[in-house]
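Notes follow once the structure below has been shown.
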Amino acid sequence: MYQVEIADRKQPEVQLATIVEHIPICLSCIGIDGRLIWANQAELDLLGYSYEEYIGHHLSEFYVDSKINEEILSHIFHGEQLYNYHAQVRAKNGSLKYLEVSSKAVYQNGELLHTCCFTRDATSNKRAEEASHNSKEDHLRKILASERPANNEGDVASEIAKMTNRAKDEFLATLSHELRTPLNAILGWAQTLQLGKIKRETLLHALSAIEQSARTQAKLIDDLLSVSDLVSGTLCLNIQSTKLIPIIQATIDSMHSAIVGKRISLKTAFNTQADTIQGDPVRLKQIIGNLLSNSIKFTPSGGWILIALADVNSQIKLTVTDSGEGIHSHFLPYIFDRFRQGDSSNRRKYDGVGLGLSIVQRLVEMHGGTVRAASEGVGQGATFSIDLPRNIDERSSIPAPVEPDPPSTNAAAVNTGKQLEGLKILSVDDDRNTREMLQEALENAGANVLSAASARDALDMLPAFQPDVLLSDIGMPEQNGYDLLKQIRALPSNQGGGIPAIALTGYAREQDRNATHSAGYQAFMPKPVILEELFSTIVKLTDQMNCRV
């Protein structure tokens, strides 16, 4: 009887080991010395090595790029996670494999034991990307050759290099312009307001202009960070069952003023059978938002836009069609390239730095889909088509923190009522202007607020105040926001150890979002903070944690 019980108890463990060994997902474990200590059959099959040829060997024996190898080892030695990290590995037959590696460090009693890696074969995607790049370069060579038939191959290559450098210079000039323009409006109106003696209608206009300029600059910074995360491979998806139609409607609503301002006729055609997909709702919203804002930008007053959602061959097809400026045939092959624009001169009609569509392409590819652009030419409008599988590999998924509701684009829509009535909030920020602004805004919303200029001050206030919510900056001298929350989480719950915490930070990369979540913050909000978004996040979080009195 005793032996049967033992066998029954071990049976699930044996079954699990069998599943892990034979599951068609590449898994491996790497020791703190950089040597492989285990790999399942899928990983061995992918690279063609036997167990003896792979296990016990150092990573440097397989990774082609020594710099990448050092970076990966550095992450592993520090117990840091990798998210879709790109690496090139040599298989046993000599061929090169392009891999996307994600990892999770395993600790025991606070000591790093080893790192588990999840590997995806991205070779076909990389080959397709290279083929696309080569076709673009061939296209450019043909144009140069047709314009300058006397050029030899060396001249063409030299011209391509010059054009690349010119493109970089144009991007930096454009970026400077796009950053300085909203700053000019913010600084100019702020100086004007300080002079006093300003009419009420002018005051309201000034405040609206300051807000709009700040939002424009924040959007540009978000795009730059998204590109950085995509290039470095640190951006990862939070996969969940997602309905697309509400996301599309919310995106349209958020751009209502721009649509109405240009008198654009926007229509939708939705197949409700194509509504649900496995994907990241935040990134899907970013995809749709970038496509729609692109169409709004290039569609003249009185034009039209059509957004359609269909079910085609068991895939979801999203199309955004407009009657706008169209795309020149010479530029069409480069439409999804980073930092590329049809017109980058200082006479250009449209703002932007050429990031939105490149972000769309990469995010769509991360969802296992494809995106295409089509246009009959200048003045003929354009159509952007996205094909997405209903289900994608969930190994890219991490637990999703509390996501704030989408903010309104109208400052007057911010609910300044007492929606935070009865809540005690501890706000921590070393910047005095931010600290004072948050205290004023939160108190106007009905909260009882204490402000701290440092982590040490916050810890001193905590026992007597016993707040319902902690708002904390991350980058602070001596002790940062991570240090603060670590000390708070070490306290008993009756002394504030379990207080809900929201990170308000100027560090807005994807790895910063993940780091705050791992540190114990329930929500992450990059600066500049949208007050409506902050209030709704506090309400949502305190309702979940039953903090209301």
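The values are calculated or read from the model by the stated rules, or taken from the named source; none is laboratory data. What you are looking at is a predicted structure, and each value in this text was computed from that prediction instead of being measured. Note that we place each Cβ from the backbone using ideal geometry, even for glycine, and neighbour counts take in every protein chain shown. Only protein heavy atoms, including side chains, enter the accessible area calculation; ligands, DNA and RNA are left aside. Shrake-Rupley method; radii C 1.70, N 1.55, O 1.52, S 1.80 Å.
Restricting to the stretch 506-535, what's the tally of residues that are in contact with a Pro (Cβ under 6 Å, 6 or more places away or on another chain) and polar (S, T, N, Q)?
The number of residues fulfilling the criteria is 1.
Could you pull out the residue among G481, G475 that is buried (at least 17 other Cβ atoms within 10 Å of the Cβ) and under 19 Å from D430 (Cβ atoms)?
Of G481, G475, the one residue that is buried (at least 17 other Cβ atoms within 10 Å of the Cβ) and under 19 Å from D430 (Cβ atoms) is G481.
Run down S295, S301, S265 and say which single residue is modelled with pLDDT of 90 or more, crowded, with 18+ Cβ neighbours inside 10 Å and among the hydroxyl-bearing types (S, T, Y).
From the options S295, S301, S265, the qualifying one is S295.
Among the residues that make up the stretch 323-337, is at least one of them open to solvent by 60 Å² or more (accessible area, probe 1.4 Å), under 22 Å from T216 (Cα atoms), part of a loop (DSSP other than H, G, I, E, B) and at pLDDT 80 or above?
Among the residues of the stretch 323-337, not one is open to solvent by 60 Å² or more (accessible area, probe 1.4 Å), under 22 Å from T216 (Cα atoms), part of a loop (DSSP other than H, G, I, E, B) and at pLDDT 80 or above, which makes the answer no.
Among (1) in contact with a Gly (Cβ under 6 Å, 6 or more places away or on another chain); (2) within 21 Å of Q419 (Cβ to Cβ), where does K527 come up short?
So K527 meets the others, but not (2).
Kindly indicate whether any position in the stretch 255-275 is under 18 Å from the mean Cα position of the chain (by Cα) and over 12 Å from L309 (Cβ atoms).
There is no residue in the stretch 255-275 that is under 18 Å from the mean Cα position of the chain (by Cα) and over 12 Å from L309 (Cβ atoms).
Counting just the residues of the stretch 376-393 that are open to solvent by 30 Å² or more (accessible area, probe 1.4 Å), in a loop (DSSP other than H, G, I, E, B) and in contact with a strand residue (DSSP E or B) (Cβ under 6 Å, 6 or more places away or on another chain), which one comes out farthest from I316 (Cα to Cα)?
N391
Answer yes or no as to whether A508 is under 30 Å from Y85 (Cα atoms), aliphatic (A, V, I, L, M) and part of a loop (DSSP other than H, G, I, E, B).
Here the answer is yes, as A508 does meet what is asked.
May I ask you to list pairs of residues, at least six apart or on different chains, whose Cβ atoms are under 8 Å apart, with the first in the stretch 514-527 being on the phi > 0 side of the Ramachandran plot and the second being in a strand (DSSP E or B)?
Going by the 8 Å Cβ cut-off, the qualifying pairs are G520/A501.
Can you confirm whether I386 is of a type in the set (V, I, T), under 20 Å from the mean Cα position of the chain (by Cα) and at pLDDT 85 or above?
It is true that I386 is of a type in the set (V, I, T), under 20 Å from the mean Cα position of the chain (by Cα) and at pLDDT 85 or above.
Look at the stretch 268-278 and say how many of its residues are touching a Lys or Arg at 6+ places or on another chain (Cβ under 9 Å) and either surrounded by 15 or more Cβ atoms within 10 Å (Cβ to Cβ) or among the basic types (K, R) (or both).
4
Kindly indicate which of I287, I259 is under 17 Å from E365 (Cβ atoms), at pLDDT 75 or above, open to solvent by less than 60 Å² (accessible area, probe 1.4 Å) and not aromatic (F, W, Y).
Being under 17 Å from E365 (Cβ atoms), at pLDDT 75 or above, open to solvent by less than 60 Å² (accessible area, probe 1.4 Å) and not aromatic (F, W, Y) holds for just one of I287, I259, which is I287.
Restricted to the stretch 1-51, and to residues that are among the basic types (K, R) and at pLDDT below 50, which residue is most open to solvent (accessible area, probe 1.4 Å)?
Selected residue: R9.
Listed residues I307, I287, I316; which is part of a helix (DSSP H, G or I) and touching a residue at least 40 places away in the same chain (Cβ under 8 Å)?
I287
Which of (1) under 21 Å from A464 (Cβ atoms); (2) modelled with pLDDT of 90 or more; (3) not in a helix (DSSP H, G or I) is the odd one out, the single condition Q487 does not satisfy?
Tallying (1) under 21 Å from A464 (Cβ atoms); (2) modelled with pLDDT of 90 or more; (3) not in a helix (DSSP H, G or I), Q487 fails exactly one: (3).
When only residues in the stretch 521-542 that are open to solvent by 10 Å² or more (accessible area, probe 1.4 Å) and in a loop (DSSP other than H, G, I, E, B) count, which is nearest to P467 (Cα to Cα)?
Within the stretch 521-542, the match that is nearest to P467 (Cα to Cα) is Q522.
Mind checking whether some residue in the stretch 288-303 is touching a helix residue (DSSP H, G or I) at 6+ places or on another chain (Cβ under 8 Å) and farther than 19 Å from A250 by Cβ?
no
Could you please give the count of residues in the stretch 52-67 that are outside any helix (DSSP H, G or I) and either acidic (D, E) or surrounded by fewer than 18 Cβ atoms within 10 Å (Cβ to Cβ) (or both)?
6
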